[in-house]
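Notes follow once the structure below has been shown.
The values are calculated or read from the model by the stated rules, or taken from the named source; none is laboratory data. Owing to the predicted nature of the structure, the values given are computational and were not obtained by experimental measurement. Glycine also receives a Cβ, built like all others from the backbone with ideal geometry; neighbour counts cover every protein chain displayed. The accessibility values were calculated without ligands, DNA or RNA, using every heavy atom of the protein model including side chains. Shrake-Rupley method; radii C 1.70, N 1.55, O 1.52, S 1.80 Å.
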Amino acid sequence: MNKSDLIRAIANNEGITLSAATAVFDSFINAITEGLNNGEKIQISGFGTFELKCKEAREGINPKTGEKISVEATRTPVFKFGKAYKDSFNK
């Protein structure tokens, strides 16, 4: 299932137009992105948690040349499914 399939499923399940479902989906994604950029942890009860993890700068090795390189610090979004949601697949 891709983004358009998901939006179509939302529109069908809720009896709304594709443009309305697209607007809701985009709003959801934008709210999560904005919250993470503001340093917030987004918890959706019964589903999971979105967080922004910070990876420290480090020294790495280029596998092709064996040369040492500097890897910059990064912020990476992560998602962890909740226990109840994971358990729903193993009944």
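Side notes on the structure shown:
- The relative contact order of the stretch 26-75, computed from alpha carbon pairs under 8 Å that lie at least 6 residues apart in sequence, is 25 percent.
- Here the accessible area is traced with a 1.4 Å probe on the protein chains. For the chain, carbon and sulfur cover 53 percent of it.
- Taking Cα atoms only, the orientation of helix 18-37 departs from the longest principal axis of the chain by about 40 degrees.
- All Cα pairs of the stretch 1-53, percent lying beyond 14 Å: 61 percent
- Residue among Phe50, Gly82, Ser19 farthest towards the positive dipole end of the chain, charges placed on Cβ: Gly82
- Residues whose amide H falls under 5 Å from that of Gly48, counting only those 5 or more places apart or on a different chain, are Gly82, with hydrogens built in the peptide plane.
- Mean separation of Cα contacts under 8 Å (6+ apart) over length of the chain, as relative contact order %: 21 percent
- Calculated from the structure at hand, semi-axes √(5λ) of the Cα gyration tensor in Å is found among (i) 27, 17, 9; (ii) 35, 12, 11; (iii) 35, 18, 15 as (iii).
- Rough spin-label spacing in nm, given labels placed 7 Å along Cα→Cβ, for Phe25 and Asn12: 1.3 nm
- The mean accessible area for residues of the chain, using a 1.4 Å probe and ignoring ligands and nucleic acids, is 82 Å² per residue.
- Across the stretch 28-72 the C-alpha pair distances fall into 10 Å bins from zero in the proportions 23, 30, 19, 23, 5 percent.
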